[in-house]
Amino acid sequence: MVNGRLKLHFHKGQVKAWNSTARYVVVLAGTQGGKTSFGPHWLYREIARKGPGDYMVVTPTFPLLEKKALPEFLHVFDVLLKLGEYVGSPVRKFTFSPDGCQRTFGTVPEQPTHIYFGYAADPESLESTTAKAAWLDEAGQKRFKLGSWEAIQRRLSLARGRVLITTTPYSMGWLKQKLWDRRKTDKSIEVIRFDSIENPVFPREEYDEARARLPRWKFDMFYRAMFSRPAGLIYDSFNEESCKVPRFAIPNEWPRFLGLDFGGVNTAGMFYAQEPSGRLYAYREYKAGGRTAKEHATKLVEGEPMMPTCVGGSHSEGQWRDEFRAGGLPVREPDVRDVEIGIDRVYGAHKANRVYVFDDLMGYLDEKASYARELDGNDEPTEKIEDKETFHFMDAERYILGWLFRTTEHAFAYEY
């Protein structure tokens with residue numbers, strides 16, 4: 001603070017993000033690069049520009065919020081600027097005081113100004129407010145779900161609010177698919193990437209030591225903020241460059257196949273069409289909850305040119321299959337009990353480039369790029385799948401492709 005005014009000293013990467021006029025500003029920065037400390041200042045300027053109303057700060061989990069983003073936020077909004085008061089219960093929010101409003105807007109409006117703090121691992125927790133801008137910290141983490149990003153966009157749609165994302169690229173999921181990959185063709189997106197050492201206080205010796213001791217992929221991600229295939233990625237055989245294709249009209253006569261993953265909260269389905277050569281195209285994804293088996297069955301076959309051959313559920317989920325069959329959709333039981341055998345069959349299908357995917361299936365592509373094994377202390381993959389219960393599209397795909405590619409040579413085994 002200088003004479004009651006806050007004077008900011010940004011490094012070059014932060015200055016570029018500050019000057020960006022894009023609606024979606026993505027700051028990809030190496031560890032300790034100055035990304036989280038930048039967020040509160042950007043958000044305050046946005047509040048001053050957009051006026052009274054509701055705003056959002058979203059992190060992957062509440063523990064991460066309390067450890068990183070919230071202390072940085074309160075340091076600016078409470079300690080330095082003294083704009084209002086934060087409460088943690090029953091809803092986490094910061095409310096502008098009359099004095100804070102007067103100094104920010106030049107008046108004390110009737111409409112209050114709140115900043116709500118959201119939890120991105122649960123997309124439904126973000127559906128209750130209409131916001132004018134949002135700061136998303138560490139949105140590249142796997143627990144920051146695609147559904148949360150979509151919910152945030154809905155909350156901002158009325159005001160056409162801007163978004164600041166500050167993160168390290170932890171995986172190659174939705175952040176890469178929807179923002180990084182589109183940054184050159186979509187003028188609403190600007191990505192600012194910088195290494196840890198862009199921050200002038202970050203020790204060069206620490207950077208060089210990390211480069212010497214860490215696997216290349218890990219150094220590139222965490223210190224250079226570059227997308228890289230991490231160790232443990234299960235479907236590293238999926239060739240995104242050649243097998244992710246633009247949507248086209250599928251002939252009605254092509255046979256259709258459906259893999260189902262049952263669940264009371266999330267029932268997921270993956271649809272595939274087979275061209276005459278035998279090549280498969282993933283063309284539709286389905287995920288919904290709060291429906292009966294009959295209602296799911298109706299929605300799944302709605303608009304399809306034929307009844308798809310359907311395989312789904314584990315061997316213990318016979319009751320689900322019975323319910324879907326009674327609802328009008330016959331579901332076959334998978335032919336293998338071992339998850340790893342199913343994964344091997346899908347892996348082989350990708351390696352042979354037998355499966356193509358429409359590039360607008362963002363839920364599927366996010367999971368495909370994030371489905372990984374846990375790493376041990378030496379960054380070596382273990383047998384355990386990380387957060388396995390959250391990858392519903394991968395399970396649905398494994399059921400149907402595991403059944404279709406069920407010979408030892410991974411040949412297409414279905415005849416019609």
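The values are calculated or read from the model by the stated rules, or taken from the named source; none is laboratory data. Remember, predicted model here, so these are calculated numbers, not experimental data. Cβ: placed from backbone, ideal geometry, glycine included. Neighbour counts: every protein chain shown.
Just checking, which of Ile192, Ile152, Ile250 is in contact with a strand residue (DSSP E or B) (Cβ under 7 Å, 6 or more places away or on another chain) and without any contact (Cβ under 8 Å) to a residue 40 or more places away in the chain? Give the derivation first.
On the way: Ile192 fails: without any contact (Cβ under 8 Å) to a residue 40 or more places away in the chain; Ile152 fails: without any contact (Cβ under 8 Å) to a residue 40 or more places away in the chain.
Testing whether each residue is in contact with a strand residue (DSSP E or B) (Cβ under 7 Å, 6 or more places away or on another chain) and without any contact (Cβ under 8 Å) to a residue 40 or more places away in the chain leaves just Ile250.
Which one of Asp376, Asp344 is free of Cβ contacts under 8 Å to residues at least 40 places away in the same chain and closer than 14 Å to Ser237 by Cβ?
Numbers: Asp376 fails: closer than 14 Å to Ser237 by Cβ.
So the residue among Asp376, Asp344 that is free of Cβ contacts under 8 Å to residues at least 40 places away in the same chain and closer than 14 Å to Ser237 by Cβ is Asp344.
Restricting segment 85-106 to residues that are more than 33 Å from the chain's Cα centre (by Cα) and in a loop (DSSP other than H, G, I, E, B), which is surrounded by the fewest Cβ atoms within 10 Å (Cβ to Cβ)? Here the answer is Gly106.
Here is a yes/no grid of residues against (1) among the aliphatic types (A, V, I, L, M); (2) loosely packed, with under 13 Cβ neighbours inside 10 Å:
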site	(1), (2)
His315	no, yes
Gln319	no, yes
Glu333	no, no
Leu365	yes, no
Tyr371	no, no
Ile385	yes, no
Met394	yes, no
Tyr399	no, no
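Listed by first and then second residue, the pairs linking a residue in segment 265-287 that is at positive phi and in the same structural domain as Pro255 (by TED's automatic domain parsing) to a residue that is surrounded by fewer than 22 Cβ atoms within 10 Å (Cβ to Cβ) and of a type outside the set (D, E, K, R), with Cβ atoms under 8 Å apart and 6 or more places separating them unless they lie on different chains, are Gly278/Phe412.
For Glu304, the criteria (1) at pLDDT 95 or above; (2) surrounded by fewer than 15 Cβ atoms within 10 Å (Cβ to Cβ); (3) outside any loop (DSSP other than H, G, I, E, B) hold in every case but one, which is (3). Evaluating Ile115 against the criteria (1) buried (at least 20 other Cβ atoms within 10 Å of the Cβ); (2) more than 27 Å from Phe194 (Cβ to Cβ); (3) of a type outside the set (Lys, Arg) leaves one unmet condition, (2). The residue that is nearest to the chain's Cα centre (by Cα), among those in segment 241-279 that are in a loop (DSSP other than H, G, I, E, B) and among the aliphatic types (A, V, I, L, M), is Val265. Of all residue pairs spaced 6 or more apart or on separate chains, those with beta-carbon atoms under 6 Å, a first member in segment 212-223 that is in contact (Cβ under 8 Å) with a residue 12 or more places away in the chain and a second member that is part of a helix (DSSP H, G or I) and among the hydrophobic types (A, V, I, L, M, F, W, C) are Tyr223/Ala210.
Identify all residues within segment 169-198 that are assigned to a loop (DSSP other than H, G, I, E, B) and buried (at least 20 other Cβ atoms within 10 Å of the Cβ); write none if there are none.
First, the residues of segment 169-198 that are assigned to a loop (DSSP other than H, G, I, E, B): 169-173, 181-188, 195.
Residues satisfying the conditions are Pro169, Tyr170, Ser171, Met172, Gly173.
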